[in-house]
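J.: Pasting a structure below so you can have a look.
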Amino acid sequence: MSTYVIFDGDNDQWAYQYVRGWDANPKIPFSFNNSHDLNGMTSAAQNEAYVKTKLRERMKKSDSALVLIGEKTKNLYKFVRWEIDLAIELELPIIAVNLNNSRSQDELCPPIIRDKCVVHVPFKLRPIQHAILNWPREFKGLDLQTKAGGARHFNDDLYRQWE
């Protein structure tokens, strides 16, 4: 499974590196195929059409999108917004990872995904791994009416198992 990671590169790079570190550490039972780093961008990355073409290439190779939601993510209207727009267009299952550790959608959620069928998890290893492994299949199995119901989260029983 390949996961595309969307994040605020100015403020939440630390969280992205943390997720990559979990994946690289053989002692941590976490793995994901990071499609964010494929096809490096060039100096033309300021050109909107160029960026969107590269994003489409990357996301078409992805099974899901992981959105790291920090304090300022909801206010970003360029790269992060373009990435989320494209993930929605491609009908990728979206995993919203709340860097404030909220288990559900909160006021920091970007408006573009507030009414979407997106699973929200805290920034913790086990919930993120569970979401990466299970949410894409679950999302694809949902009917249109259920998807129209908006934000999703995992139940408290799962969180008790993860503690």
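J.: Just to check your reading of the model, which residue among R137, R114, R103 is more than 28 Å from V51 (Cα to Cα) and either surrounded by fewer than 17 Cβ atoms within 10 Å (Cβ to Cβ) or aromatic (F, W, Y) (or both)? I'd like the intermediate steps shown before the answer.
T.: Values: R114 fails: more than 28 Å from V51 (Cα to Cα); R103 fails: either surrounded by fewer than 17 Cβ atoms within 10 Å (Cβ to Cβ) or aromatic (F, W, Y) (or both).
Checking each option against the conditions leaves just R137.
J.: Let me ask you something else. Please go through segment 60-79 and pick out each residue that is in contact with a strand residue (DSSP E or B) (Cβ under 6 Å, 6 or more places away or on another chain) and not acidic (D, E). Can you show your working first?
T.: Going through segment 60-79, the residues in contact with a strand residue (DSSP E or B) (Cβ under 6 Å, 6 or more places away or on another chain) turn out to be 61-69.
The answer is K61, S62, S64, A65, L66, V67, L68, I69.
J.: Let me ask something else about it. Has segment 133-143 got at least one residue that is in a helix (DSSP H, G or I), within 16 Å of the chain's Cα centre (by Cα), within 30 Å of N47 (Cα to Cα) and touching a residue at least 12 places away in the same chain (Cβ under 8 Å)?
T.: No, segment 133-143 contains no residue that is in a helix (DSSP H, G or I), within 16 Å of the chain's Cα centre (by Cα), within 30 Å of N47 (Cα to Cα) and touching a residue at least 12 places away in the same chain (Cβ under 8 Å).
J.: Restricting the search to segment 66-85, which residues are within 20 Å of Y50 (Cβ to Cβ), among the hydrophobic types (A, V, I, L, M, F, W, C) and not in a helix (DSSP H, G or I)? Can you show your working first?
T.: Going residue by residue through segment 66-85, those that are within 20 Å of Y50 (Cβ to Cβ) are 76-85.
Add one more test, that the residue is among the hydrophobic types (A, V, I, L, M, F, W, C), and what stays is 76, 79-80, 82, 84.
Matches in segment 66-85: L76 only.
J.: I'd like the full set of residues that are modelled with pLDDT under 90 and either in contact with a helix residue (DSSP H, G or I) (Cβ under 6 Å, 6 or more places away or on another chain) or buried (at least 17 other Cβ atoms within 10 Å of the Cβ) (or both), limited to segment 64-78.
T.: Within segment 64-78, the first condition is being modelled with pLDDT under 90, and the residues that meet it are 76-78.
If the condition is that a residue be modelled with pLDDT under 90 and either in contact with a helix residue (DSSP H, G or I) (Cβ under 6 Å, 6 or more places away or on another chain) or buried (at least 17 other Cβ atoms within 10 Å of the Cβ) (or both), then L76 is the only one that fits.
J.: So which of E138, E91 ends up being on the phi > 0 side of the Ramachandran plot and not hydroxyl-bearing (S, T, Y)? Walk me through how you get there before you give the answer.
T.: Details: E138 fails: on the phi > 0 side of the Ramachandran plot.
Of E138, E91, the one residue that is on the phi > 0 side of the Ramachandran plot and not hydroxyl-bearing (S, T, Y) is E91.
The values are calculated or read from the model by the stated rules, or taken from the named source; none is laboratory data. As the structure is a prediction and not an experimental result, all values here were calculated from the model. When we count neighbours, we look across all protein chains shown, and the Cβ atoms used for this are built from the backbone with ideal geometry, even at glycine.
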